[in-house]
Structures are given as structure tokens and as C-alpha cells.
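To start, the structure under review is shown below, and the notes come after it.
The values are calculated or read from the model by the stated rules, or taken from the named source; none is laboratory data. Keep in mind it's a predicted model, so treat the numbers as computed, not measured. Cβ placement follows ideal geometry from the backbone for every residue including glycine, while neighbour counts extend to all protein chains displayed.
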Amino acid sequence: MTNDPTGDARTAAWRAVAELYHAYFTGIVLYVSSRHGTASATEFVYEVFCRQRRERFLPGLKKLGLDGLPHAVAAAQYHYLSNHIGGVSVEYMYESDRKAWIRYAAPRWIWAGTALCGIAPEVSRAMLTGWHAQNGVMLRNPRLGFVCTKQTADGQSGLEGYYYEYDHDLLPHERLRFARHEDAPDFDPEQAPRLPTREWPAARLAKAHRNYAMEYVRSAFPTALQLWGPDEAAHRLRMAGRMIGMQFHHQTALDLGGDYTPDAAGFARFVADLGAAHGDDSRVERRADGALDVHQDGWTFMAGLEECHPALGPAWNGLLEGCMQAHNRRLELDFHSGRNESGGHSLAWTIR
């Protein structure tokens, strides 16, 4: 792969980034849960999804052209379309203007593979409490709530439920309720909303898929910082990143399409190609002592993030530390971050 991929190669590179960040987010949740307990993981997931809801829900409704629909329908269609863009197996079923279903079918995207067995039901519920139950609040409709009828984390066939507009205002604890005796109607793809092909061509969808996965981790970083403080947040995020990097390096390299030799030069090319797949300009330079420098202008992952503490850079670099350990454990990697002339981020690595 080059730093300016086109066509199929570019789409594959975006997919590589998406899968890496998908795994990274799940890995962070599992790491916190296994080392620090279910309560800590539950609080973390709740706050991450609160942040995403605050930042994404209302602008997303407008971008998708859903802001004029009845609120229950708009909320359900938003979750259907936004998750569909992200590559999630999701279904939407309209019942009435006041009741619309959403179903995240198995296999669950967010808790991929065997990770599902490590997710406590409380952690899964935190996602619903932080986002789905609060859509009525965001829409300034105190009668809109979410009813959960199944949870995959409880061994049921999917995460499903419906948005429902009641005849009365809801108290905070009523915004999410469970009705395990109810069952979603069958999904009919012909009745589901579709994205306009002209406005959402294949290239835009592929890029949005990448951004969807990145956004989970991008929300996780400032959330971790505020919950745990810089030192503990950096440690947890870095350790989870190293483990995920080790596990996913070879698949990521394959998806990037590069023939990365198992030496410093091969890993330098991998780092540069991964940066380019994020959307950042990257280049490799050889030093007089034989080491290789990778320079990256810009940092798409952190772009626009107000809570960008210096501890978060080395934490994120844990991903590349793990990748290097899988690539060639004998290599050494030095990481540096700073600001460029325009005030944006610049990153650099020395590999020897």
C-alpha cells in the first residue's frame, strides 16, 4: 500500500482501521471489567455512550434526514441507519408513529466473537441507559422511552426493544424498562429505510464505516481521562492497546495490503501505511545510524478533541507497541508527539 491508496486498496485500508478500533474498544471494556470489576466497566460504558449521544444524536438525525419524523420512529431509524453504516447487523420494524422496533441481531458487533462471554449484563444495560433511554430527553419529549425485550449478554437471540411514546411524562427511572415476555416482529428489508445512493456512494460508506469504529475509542479516551485521572487512564488504555495490537497486527497488515518485511523497515512502512489509512500524511526517513523515523502530520484520531491530555498520546501508542511485538519483538520503538506549525498534532516514531 502507498500513502495515497485508491479504489479497492483504499477501501481495504479503511476496513483495516475499522476492525482494529472495533477490537480496541471491546478490549478496553474487557480489560477494565476483568481487572477492575463490573461496576467500573459499567460506569465507563455508561459515560462513553452518554458522550456519544450528546455529541452525535441530534446532528445525526439531521444529517440522515430524520429530524422531521415522529420521535419514536426517528430514534429507531437513526439507530438502524447509523449502525448499518458502521457494519452492524441491525434491524428496524415500524409498528406505529408511537412505537418502532430496533434489533441488533447476532452476532453482536460491539462484543465480537468470544468477547460476548466476558460482558456482564450490567455492562450491556449501561449502553441502553446512557443512550437509548435518553433519546427522549435529547428530543425534549419527556414521554419517549425505550423498552428492552432481549439482551444478547443474557444469552438471548439479540439485543432488541422498541421506542415508545407514552401518554404521560416519564420519570428518569421509567425511561428504560424491560419486557422480556415481548418479541419483536420479523424484519422486512424492503420496509426498512435506505440511505440515498447518490448522497451515500460506496466510498463514503466505507469511510464512514472506519469513522464509526474510531469514534467509539475516541469517545473512550476523554471518558477514561475524566473517570480515572491521567495516570490510571493512560495505563489502562495503553495496556489494552498493546494486547489488541499483538492480537490484530497480522490481520491489519494483511488488510493494508503491504508486504511488510519482519525488520525495522517493514514495520516503519506498516506504521506509515496505518497513518495514511487514518487520513494522515505519513513518511519514512532513514537516519545515519540505520534507524528509521516515521513522521505523521496530523492526528485524525484526536482531531477536535478538547480534552487532549499529554498522557493520552503514549496511551494510544500502546496499539503500535503491541503491533510491533507481533511484527518483531526484537525491535525498539520510540514515540514522540507535539504540535506542528499550524497548531495541529504531529507524531513521530523512531524504529530500530
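Restricting attention to segment 31-48, which residues are among the aromatic types (Phe, Trp, Tyr) and closer than 24 Å to Gly245 by Cα? Don't jump to the end; show me each part of the working.
Initially, segment 31-48 is screened for residues among the aromatic types (Phe, Trp, Tyr), giving 31, 44, 46.
Matches in segment 31-48: Tyr31, Phe44.
Do you know which residues across segment 336-347 are surrounded by fewer than 17 Cβ atoms within 10 Å (Cβ to Cβ) and not in a loop (DSSP other than H, G, I, E, B)?
So the first thing to find is which residues in segment 336-347 are surrounded by fewer than 17 Cβ atoms within 10 Å (Cβ to Cβ), and the list is 336, 338-344.
His336, Gly338, Arg339, listed by residue number.
Just checking, does segment 191-200 include any residue being surrounded by fewer than 20 Cβ atoms within 10 Å (Cβ to Cβ), β-branched (Val, Ile, Thr) and part of a helix (DSSP H, G or I)? Quick ask: steps written out before the conclusion?
Our first condition is that a residue be surrounded by fewer than 20 Cβ atoms within 10 Å (Cβ to Cβ); within segment 191-200, this holds for 191-200.
Remaining after also requiring β-branched (Val, Ile, Thr): 197.
Then keep just the ones that are part of a helix (DSSP H, G or I); that gives none.
For segment 191-200, residues surrounded by fewer than 20 Cβ atoms within 10 Å (Cβ to Cβ), β-branched (Val, Ile, Thr) and part of a helix (DSSP H, G or I): absent.
Being at pLDDT 95 or above and closer than 26 Å to Arg15 by Cβ is true for just one of Pro70, Pro59, Pro107. Which residue is that? Please lay out each step first, then the result.
Working: Pro70 fails: closer than 26 Å to Arg15 by Cβ; Pro107 fails: at pLDDT 95 or above.
Matching residue, one of Pro70, Pro59, Pro107: Pro59.
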Notebook entry, point to check: Which of the residues that make up segment 129-158 are in contact with a His (Cβ under 6 Å, 6 or more places away or on another chain) and surrounded by fewer than 23 Cβ atoms within 10 Å (Cβ to Cβ)?
Noted result: Leu139, Asn141
Item checked: Failed item, numbered, when Phe248 is tested on (1) crowded, with 20+ Cβ neighbours inside 10 Å; (2) hydrophobic (A, V, I, L, M, F, W, C); (3) closer than 19 Å to Arg98 by Cβ -> (3)
Note to self: Kindly evaluate Asp263 against the criterion of being of a type in the set (D, E, K, R), touching a strand residue (DSSP E or B) at 6+ places or on another chain (Cβ under 7 Å), modelled with pLDDT of 95 or more and surrounded by fewer than 22 Cβ atoms within 10 Å (Cβ to Cβ).
What the structure shows: no
Next item on the list: Among the numbered conditions (1) in contact with a Phe, Trp or Tyr (Cβ under 6 Å, 6 or more places away or on another chain); (2) of a type outside the set (Phe, Trp, Tyr); (3) crowded, with 22+ Cβ neighbours inside 10 Å; (4) closer than 20 Å to Ala153 by Cα, tell me where Val88 comes up short.
Entry: (3)
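Looking for whichever is within 25 Å of Val48 (Cα to Cα), surrounded by 18 or more Cβ atoms within 10 Å (Cβ to Cβ) and not polar (S, T, N, Q) here; the options are Ala303, Ala277. Which one fits?
On the way: Ala303 fails: surrounded by 18 or more Cβ atoms within 10 Å (Cβ to Cβ).
Answer to the selection: Ala277.
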Item checked: Test: Gly161 is part of a helix (DSSP H, G or I), surrounded by 20 or more Cβ atoms within 10 Å (Cβ to Cβ) and in contact (Cβ under 8 Å) with a residue 60 or more places away in the chain -> no
Check: Here are some residues: His71, His79. Which one is more than 30 Å from Ala202 (Cβ to Cβ), buried (at least 20 other Cβ atoms within 10 Å of the Cβ) and in contact with a strand residue (DSSP E or B) (Cβ under 9 Å, 6 or more places away or on another chain)?
Finding: His71
Note to self: Among the residues in segment 303-315, are any at pLDDT below 90 and acidic (Asp, Glu)?
What the structure shows: yes
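When you go through Gly318, Gly257, Gly279 one by one, which is the residue that is small (Gly, Ala, Ser) and modelled with pLDDT of 95 or more? Quick ask: steps written out before the conclusion?
Values: Gly257 fails: modelled with pLDDT of 95 or more; Gly279 fails: modelled with pLDDT of 95 or more.
Among Gly318, Gly257, Gly279, only Gly318 is small (Gly, Ala, Ser) and modelled with pLDDT of 95 or more.
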Next item on the list: For segment 22-56, enumerate the residues that are farther than 18 Å from His132 by Cβ and among the basic types (Lys, Arg).
Entry: Arg35
Checklist line | Verdict on Ala277 being touching a residue at least 24 places away in the same chain (Cβ under 8 Å) and under 22 Å from Gly113 (Cα atoms) | finding: no
